[in-house]
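Right, one structure below, let's go through it.
The values are calculated or read from the model by the stated rules, or taken from the named source; none is laboratory data. Nothing here was measured: the structure is a model prediction, and the numbers come from that model. In this analysis, Cβ positions are derived from the backbone assuming ideal geometry, glycine residues included, and neighbour counts consider all displayed protein chains. Accessible surface is based on the protein model in full, side chains and every heavy atom, while ligands, DNA and RNA are left aside. Shrake-Rupley method; radii C 1.70, N 1.55, O 1.52, S 1.80 Å.
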Amino acid sequence: MEATLNKQDLILSAALSLFADRGFDGTTVPMIAEAAKVGAGTIYRYFENKEALVNTLFEQGTLALTEATVGQLYQEGDDVRTQFRHFFYGMVTFAKQDINGLHFLVTHAQGWYLTLENKQLFEQLQKGLYAFCDYGIEQKMIRSMSSPVLIAIVFGAFKELYNAVRLGGVVLSAELIEQVEECCWNAIEYKK
């Protein structure tokens, strides 16, 4: 049983890396098999086709990102600023676990090959983030702008930072992450 799980994990890891680097259309099952060091037929024991494989990865990634971000919001007794810090460091934790995971989700979120369930799962993640922004606006802690715009400002900066890390252009330190978190907060903070 352990060998079975190990092969499936190898396939998922190889596929995630390839999908992040090459996209869905640029990645073939034989490429995934080669990277996972398994036969192409082995992949079909676990996944019906490439679409099923990408959907498995997308579902796992979206659930993990949701838990790391929205799951960190609304901690009892925390103000909006502290909740934002939890949210931001949740994204950091998610990105550290697999640097390709964040890039994969961002680049595949609108894919034609995603199931309706996965599209809805991603929409729920977005709605949770928008609800947090709306709450922050009500509390006069976050500037009064469209929630999708506010999330684009924060998430866009974060995504590009971690893409630079992924490509080797930036080395992160705890101090740099702290500075980026402060900059992102300053970008959306309500100014009195």
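Taking region 37-51, which residues are closer than 20 Å to Ser17 by Cβ and either open to solvent by 30 Å² or more (accessible area, probe 1.4 Å) or assigned to a loop (DSSP other than H, G, I, E, B) (or both)? Explain how you work it out, then say what you get.
Initially, region 37-51 is screened for residues closer than 20 Å to Ser17 by Cβ, giving 37-40, 42-44, 46-47, 49-51.
Once the filter is applied, which keeps residues that are closer than 20 Å to Ser17 by Cβ and either open to solvent by 30 Å² or more (accessible area, probe 1.4 Å) or assigned to a loop (DSSP other than H, G, I, E, B) (or both), region 37-51 yields Lys37, Val38, Gly39, Ala40, Tyr44, Tyr46, Phe47, Asn49, Lys50, Glu51.
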With the checklist (1) surrounded by fewer than 17 Cβ atoms within 10 Å (Cβ to Cβ); (2) small (Gly, Ala, Ser); (3) in contact (Cβ under 8 Å) with a residue 24 or more places away in the chain in hand, flag the one item Ala131 doesn't pass. (3)
Determine if region 54-75 includes at least one residue that is in a loop (DSSP other than H, G, I, E, B), open to solvent by 20 Å² or more (accessible area, probe 1.4 Å) and charged (D, E, K, R). no
In region 14-30, how many residues are assigned to a loop (DSSP other than H, G, I, E, B) and either under 9 Å from Asn100 (Cα atoms) or under 17 Å from the mean Cα position of the chain (by Cα) (or both)? 2
Counting just the residues of region 98-128 that are charged (D, E, K, R) and touching a residue at least 12 places away in the same chain (Cβ under 8 Å), which one comes out least open to solvent (accessible area, probe 1.4 Å)? Asp98
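Using the structure shown, decide if Leu114 is of a type in the set (A, V, I, L, M, F, W, C) and assigned to a helix (DSSP H, G or I).
Values: of a type in the set (A, V, I, L, M, F, W, C): yes; assigned to a helix (DSSP H, G or I): no.
No; evaluated as a whole, the condition is false for this residue.
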Restricting the first residue to region 11-35 and requiring it to be open to solvent by 60 Å² or more (accessible area, probe 1.4 Å) and small (Gly, Ala, Ser), which pairs with a second residue that is part of a helix (DSSP H, G or I) and at pLDDT 95 or above meet a Cβ separation below 9 Å and a spacing of at least six or different chains? Ser13/Ala35; Ser13/Ala36
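Kindly indicate which of Leu121, Leu116 is of a type in the set (A, V, I, L, M) and either at pLDDT below 95 or more than 17 Å from the chain's Cα centre (by Cα) (or both). Break it down into steps so the answer makes sense when it comes.
Numbers: Leu121 fails: either at pLDDT below 95 or more than 17 Å from the chain's Cα centre (by Cα) (or both).
Every option except Leu116 fails the conditions.
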So Gln179 fits all but one of (1) within 22 Å of Ser17 (Cα to Cα); (2) open to solvent by 50 Å² or more (accessible area, probe 1.4 Å); (3) in a helix (DSSP H, G or I); what number is the exception? (1)
